[in-house]
Amino acid sequence: MLSWNALDTMFSGKKKLVMCQVCRGLIESSATTCPLCGRESVPKARISSPSITSGGNFFSLVILTINIVLFVLMSTVEVRNGRGAEAFMQSASNGVLDDFGALVPSMVWAGQWWRLVTFNFLHIGLMHLMFNSSALFSIGPQVEAIFGSQ
């Protein structure tokens, strides 16, 4: 049983405390043996959360770049086809989506197998692109940290 003096000693000062992996008691981060249960308990290392700007996020940046470039190209085609740019910001036309590789099962069955990949990079409007880019920006680096980017 712990005494108040032991708790006071444990919590006084500016010592960093971590949880014992065996008994779940709070111990100093430098301790290798838990003073509460007496077992060897080395706290697990903290995993830092990577970000898209921290480097090593090659595929996240490539996918983000492809998404933006295709969106700009699709916007340009929409404007050249006589459709206003503001209309495209809400929704892309079916013709432009088909031209850029939308997933149309009949076209895939006809031999256009590349549509199985290209549709992943198409966005029907600015909000769609922004939300997907935001998700990629926050989740992509973590996925690359787990699975690797090379």
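No value in this document is a laboratory result; all are computed from the given coordinates. Everything numeric in this text was worked out from a predicted model, so none of it was measured. Ideal geometry is used to build each Cβ from the backbone, glycine not excepted, and the neighbour counts take in all protein chains shown.
General remarks:
- FRET efficiency for SER93 and ILE146, using Cβ-Cβ distance with R0 set to 41 Å, rounded to 0.05: 0.60
- Phi-derived couplings, Karplus 6.51 cos²θ - 1.76 cosθ + 1.60 at θ = phi - 60°, listed residue by residue for the stretch 21-35: 6, 9, 9, 6, x, 7, 10, 5, 5, 7, 6, 9, 10, 6, x Hz, with x used for Gly and Pro.
- Within-15-Å neighbourhood charge of THR76 [Cβ basis; K, R +1; D, E -1]: -1
- Taking 0.36 nm per residue of separation and subtracting the current Cα-Cα distance, fully stretching the chain between VAL22 and THR118 would add 29.6 nm.
- Gyration tensor verdict on the stretch 58-147 (Cα atoms; rounded if a/c is under 1.5, prolate if a/b is larger than b/c, oblate otherwise): oblate
- Karplus-derived HN-Hα couplings along the stretch 74-80 (A = 6.51, B = -1.76, C = 1.60, θ = phi - 60°), whole Hz, x at Gly and Pro: 5, 5, 4, 5, 4, 5, 5
- An oblate overall shape is assigned to the stretch 63-104, the ratio a/c of its alpha-carbon gyration tensor axes (a ≥ b ≥ c) being 1.5 or greater and a/b not exceeding b/c.
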